[in-house]
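The next block holds one structure in the form of structure tokens; read it before the comments.
None of the figures in this text is laboratory data; all of them are computed from the coordinates on show. Note that this is a predicted model, so its numbers are computed, not measured. Methodologically, a virtual Cβ is constructed for each residue, glycine included, from the backbone with ideal geometry; neighbour enumeration extends over all protein chains shown.
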Amino acid sequence: MNRKNILVIDDNKNDLLMAKFVIMRMGYNPILIDSPRKIVETLQTQDISLIILDYDMPEMTGLDVLKRIRKVESFRVIPVVMLTGNSSPAHVKNTVSMGAIDYIVKPIDPIIFETKVQNILKQDIQKEKENWIEFEVQKTQSAEVRIFNYCQILSIGEVSLTFKTNQRFPIGFTFFSDSRIFAELEIKNPALKVERVTKSGDDYMVQCAMLGLSEIELKKIRLYQKLLVKSKSA
């Protein structure tokens, strides 16, 4: 059986060794490079299922590398996870807006690393390939706004949200919401990552994780939930 190849790009040898250890323990094949300038050649010669990319590198930033990857059509469908030492909401939103589907905070926690990698690789990436390409083409601010305007929010949790729509969203797709609920809570365009899609008649029930919320924004959502419960029981 062919093992999936996971490409890790990081100039820090300790992080590369930790990633290699966890990936091998999961039964996958790690491909390690210490310079972002080698990435195009590696992608052209290897069948890569997942890219794990360091954000802070001296030769080229992770975002610059991500832009290069997304410019090549055959590489666009490869999911990218960003390694970063900065977990601030603004940083996370900037990362996912450039095309990363998730992030892992340094120093690497083996359990979190393994969980996130497994969740991504258990998805059938090839099945979602056409959807990824379609949404990559549409990924402008106006397109994302139009997409979400046709969605009906069913429930909102502290770090998750469920909505109903007649459009099929690919698993792992990350976009920004301008929903009226967030506008009322003064939460500006939170990043949402699709984690589960269920068919319901002619519609789809889409469950998303909300990424990079600040503590103040979380408090606003908790207050909104309490008010919602009170209004339903009244």
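Some values worked out for this structure:
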item	result
Projected label distance in nm at LYS219 and THR165, using a 7 Å step from Cα toward the beta-carbon	3.1 nm
Listed peptides 169-176, 199-206 by packing density, highest first (mean Cβ within 10 Å)	169-176, 199-206
Local electrostatic count at LEU50 - Lys and Arg +1, Asp and Glu -1, tallied over other residues with Cβ under 13 Å	+1
Among the listed pairs LYS67/LYS116; LYS193/LYS220; LYS122/LYS220; LYS4/LYS188; LYS67/LYS164; LYS164/LYS188, those beyond 28 Å (Cα-Cα)	LYS122/LYS220; LYS4/LYS188; LYS67/LYS164
Fully extended contour minus Cα-Cα distance, from MET60 to ASP109, at 0.36 nm per residue	15.2 nm
Stretch gain in nm, segment GLN46-PHE21, where the contour uses 0.36 nm per residue and the Cα spacing is subtracted	7.0 nm
Gyration tensor verdict on region 5-122 (Cα atoms; rounded if a/c is under 1.5, prolate if a/b is larger than b/c, oblate otherwise)	rounded
Region 1-49 shape via C-alpha gyration tensor axes, a/c threshold 1.5	oblate
